[in-house]
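What follows draws every value from the coordinates through simple rules; no lab data is involved. If you're wondering where the values come from, they're calculated on a predicted model, not measured in any experiment. We place every Cβ from the backbone using ideal geometry, glycine too, and count neighbours over all the protein chains shown.
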């Protein structure tokens, strides 16, 4: 199997997990958003990665130490931003609805999360690949914009034709835009963590190179969970919702939220492995592919759940156009990677 196909399959796995992650918020009975997000993110960033590193990467703590404080601090800060992005998205989601919130987040995250690594590695990329990557990323942004327009149309129909506007709308809009900017920290931090991976391969050898991508995430995870503990933990203390963890009949919610931590883990680690196999453009093309496919997966899940039942032809045409454009962008980015 070629390296590019291997990378694509790993990123597809990450995209499926990423697209399915939001399902937990729709099935909670006792937990509030802060309960669910903190528990699932804790499982995704603390016990599961520690077990994975213990099993797959002996000596990973030495690699963290060898990379140095400065390198780890940079990745930690990007991880903290990623954690804040998850928080602002949760609030924006509640104010704008899933369709518009997701399209805003993903469109901005593609532009920043893929664009900055592209500029960082610009000199290493062949000119034809540069043009194809820019065109592919542009198509992804257009596709997410169409998905957002479809969501706006559907939500207007559900609300009896009310136009978006007012203070609440703009607060939600601002939250989602902010989330899109800082959520890109996940990929920016991963890209900057290359020195940690290099330290890992120096210790463990090149035979473990694909596994060494796992250690890149560790400072990122520590930053992300720190943000959630501060803000979501603080919200639970202020609102008294920490009691939901001990409420009657909360066991079901606990099981779903904690298992979704494993899903979230699968939304990132396979992405890192896929980016490794894609080569020079791994953190540029790989991020775009991941976000684009995740949006398609989330949309498909919405269809299966009946979210678009009764939607007008106009809304469905926007959505169909979004999917066609996203698929075309994915093909173009795959082609661009072959030119690098």
Give the share of C-alpha pairs in each 10 angstrom bin for the stretch 264-340, from 0 to the last occupied bin, in whole percents, shortest bins first. 17, 40, 27, 14, 1
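List 146, 254 from most exposed to least, where exposure is judged by having the fewest other Cβ atoms within 10 Å.
With the fewest neighbours first, 146, 254 line up as 254, 146.
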Quick one: order 210, 82 by neighbouring beta-carbon count within 10 Å, fewest to most. 210, 82
Roughly what percent of Cα-Cα pairs across the stretch 21-91 reach past 17 Å? 59 percent
From fewest to most C-beta neighbours within 10 Å, the residues 2, 183, 114, 334 line up as 2, 334, 183, 114
Average Cα contact separation per residue, the chain, under 8 Å, 6 or more apart, as relative contact order %: 42 percent
Three-way shape label, the stretch 199-340, alpha-carbon gyration tensor, a/c 1.5: oblate
For the ranges 63-75, 5-17, 120-132, what's the packing order if you count other beta-carbon atoms within 10 Å of each residue, average per peptide, and put the highest first? 5-17, 63-75, 120-132
Shape descriptors of the chain over alpha-carbon atoms, Rg and Dmax in angstrom, are 19.8, 62
To the nearest 500 deg cm²/dmol, what mean residue ellipticity at 222 nm is calculated for the chain from DSSP H runs of n ≥ 4 alone, each contributing -39,500 (n - 2.57), summed and divided by the residues? -28000 deg cm²/dmol
